[in-house]
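A short write-up of the structure that comes next.
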Amino acid sequence: MRKMLTIISNILRGSASRNGARVVVSARTYADFTPQATFDIKKCDLHKLEEGPPLQAVLSREEGLQYYRTMQTMRRMELKADQLYKQKIIRGFCHLYDGQEACAVGIEAGINLSDHLITAYRAHGYTLTRGGTVREIMAELTGRRGGIAKGKGGSMHMYTKHFYGGNGIVGAQVPLGAGVALACKYLGKNELCVCLYGDGAANQGQIFETYNMASLWKLPCIFICENNKYGMGTSVERAAASTDYYKRGDFIPGLRVDGMDVLCVREATKLAAEHCRSGKGPILMELQTYRYHGHSMSDPGVSYRTRDEIQEVRSKSDPISMLKDRMLSNNMASVEELKEIDVEVRKEIEDAAQFATTDPEPPLDDLCNHIFYNDPPMEVRGTNPWTKLKSVS
């Protein structure tokens with residue numbers, strides 16, 4: 001049987017070559033692969049919790065391939081955004097997410113699409129996991145009509161169903177997220193809100209006020225601090241008297257998680273979600289992660305840390321490489337199969353970039369549309385008293 005599959009594979013490769021197409025064909029069938037495997041994951045540090053996530057995680061082949069594709073899509077999308085920014089096709093603020101992919105993918109794997117999520121301005125990855133397309137995200141970055149916010153939001157302000165951005169003011173999304181969690185509790189649909197912020201925002205007073213309110217009202221809110229070690233160009237050690245961000249909730253239970261391991265993030269998120277759904281109130285997670293780019297595109301990212309430091313994280317803790325190695329070493333996928341996914345992802349990114357650079361910009365008449373939901377058309381004052389613009393819901 002194996003010999004026959006190899007012969008068929010060689011025939012197909014030859015046919016593809018004769019037709020001028022580049023096709024990767026594996027000689028292995030799905031039956032040859034391990035359908036699922038169990039992996040050891042790092043123990044989480046706990047605060048006011050009697051029991052943490054399991055020390056082992058089960059991964060199916062289908063889940064592994066899905067996580068791999070999504071993380072590769074995020075990585076390639078951000079690298080393309082970097083390229084378009086340097087070509088001055090993307091302008092303004094732009095904060096890239098490469099290096100932190102396991103956070104977004106792991107969180108999404110631990111909750112439901114009917115749950116809610118809000119984050120800060122490093123939002124491209126979450127826009128993708130919440131249901132946005134690469135095409136919509138890239139077009140939004142270039143300010144085009146086909147963007148996910150119709151070209152009016154840009155890098156920091158993207159939204160999808162149950163995803164509330166993309167917020168530009170440091171820490172301001174945290175009380176908003178608690179408000180979403182209050183709505184979840186009020187409506188009684190057994191939903192929750194994931195509220196993300198960075199280590200740079202963790203010292204904001206409004207965050208501690210929100211902790212207090214969420215705890216008093218037992219809101220179904222997962223507060224998540226994505227600790228990527230630097231708030232802009234300042235290391236956490238220089239910015240915070242205590243870097244145990246998972247303990248910052250004091251009276252709120254917390255856990256510190258390896259944010260570079262998608263399985264570790266997934267299992268911790270499942271535990272946190274169960275905590276919230278059982279009516280115990282909020283919980284706090286600290287994801288220890290790392291960004292490969294600077295804080296934003298205006299930051300080269302090497303004036304406050306060394307290139308060697310970045311390279312060491314890439315070589316030892318890269319989330320995509322970690323998942324890839326696990327799958328290959330446990331016979332859950334072939335090298336050819338993963339390469340084929342890489343080729344498909346690159347093509348998707350190139351097609352999206354092509355659309356993002358050719359789609360027209362929104363006309364001026366659209367500037368004031370969608371200020372209010374489901375309201376009759378209204379006039380909006382322009383930049384001076386005698387200029388009037390129309391707003392349509």
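The values are calculated or read from the model by the stated rules, or taken from the named source; none is laboratory data. It should be emphasised that the depicted structure is a prediction, and the values quoted were computed from it without experimental measurement. Reconstructed Cβ throughout: ideal geometry from the backbone, glycine too, with neighbour counts over all protein chains shown. These accessible areas exclude ligands, DNA and RNA; they are computed on the full protein's heavy atoms, side chains included. Shrake-Rupley method; radii C 1.70, N 1.55, O 1.52, S 1.80 Å.
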### Message
Considering only the stretch 228-251, I want to know if a residue exists there that is in a strand (DSSP E or B) and within 21 Å of the chain's Cα centre (by Cα).
### Response
yes
### Message
Suppose we keep only residues that are surrounded by 18 or more Cβ atoms within 10 Å (Cβ to Cβ) and either modelled with pLDDT under 95 or of a type in the set (D, E, K, R) (or both) within the stretch 302-333. Which one would you say is nearest to residue 91 (Cα to Cα)?
### Response
318
#### Entry: Search result, residues across the stretch 247-263 that are touching a residue at least 40 places away in the same chain (Cβ under 8 Å) and open to solvent by 10 Å² or more (accessible area, probe 1.4 Å)
247, 248, 251, 253, 256, 258, 260
### Query
For residue 218, all conditions in the list (1) on the phi > 0 side of the Ramachandran plot; (2) part of a strand (DSSP E or B) hold save one; what is the number of the exception?
(2)
#### Entry: Complete set of residues in the stretch 97-137 that are surrounded by 19 or more Cβ atoms within 10 Å (Cβ to Cβ), touching a Lys or Arg at 6+ places or on another chain (Cβ under 7 Å) and more than 15 Å from residue 259 (Cβ to Cβ)
117
### Query
So, of the residues in the stretch 83-94 that are open to solvent by 10 Å² or more (accessible area, probe 1.4 Å) and not in a helix (DSSP H, G or I), which turns out to be nearest to residue 296 (Cα to Cα)?
93
### Query
Within the stretch 358-385, how many residues are of a type outside the set (D, E, K, R) and open to solvent by less than 50 Å² (accessible area, probe 1.4 Å)?
6
### Summary
Per the filter on the stretch 105-139, residues part of a helix (DSSP H, G or I) and hydrophobic (A, V, I, L, M, F, W, C) are 105, 107, 109, 128, 134, 137, 138, 139
### Failed criterion for residue 62 (all others in (1) of a type in the set (Asp, Glu); (2) surrounded by fewer than 20 Cβ atoms within 10 Å (Cβ to Cβ); (3) closer than 24 Å to residue 329 by Cα; (4) under 18 Å from the mean Cα position of the chain (by Cα) hold)
(4)
### Message
One residue is enough: does the stretch 65-73 have a residue meeting the conditions within 30 Å of residue 280 (Cβ to Cβ), at pLDDT 95 or above, of a type outside the set (Val, Ile, Thr) and surrounded by 15 or more Cβ atoms within 10 Å (Cβ to Cβ)?
### Response
yes
### Task
Return the residue satisfying two criteria in turn: it lies in the stretch 198-230 and is touching an Asp or Glu at 6+ places or on another chain (Cβ under 8 Å) and open to solvent by 20 Å² or more (accessible area, probe 1.4 Å), and of such residues it is nearest to residue 300 (Cα to Cα).
230
### Task
Go through (1) basic (Lys, Arg); (2) modelled with pLDDT of 95 or more; (3) more than 28 Å from the chain's Cα centre (by Cα) and name the single condition residue 346 misses.
(3)
### Task
Mind listing whichever residues of the stretch 99-121 are touching a Pro at 6+ places or on another chain (Cβ under 7 Å) and of a type in the set (A, V, I, L, M)?
102
### Query
Considering the stretch 343-388 alone, what residues qualify as being assigned to a loop (DSSP other than H, G, I, E, B) and in contact with a helix residue (DSSP H, G or I) (Cβ under 8 Å, 6 or more places away or on another chain)?
359
### Message
Restricting to the stretch 264-279, name every residue that is open to solvent by 10 Å² or more (accessible area, probe 1.4 Å) and closer than 27 Å to residue 321 by Cα.
### Response
267, 270, 271
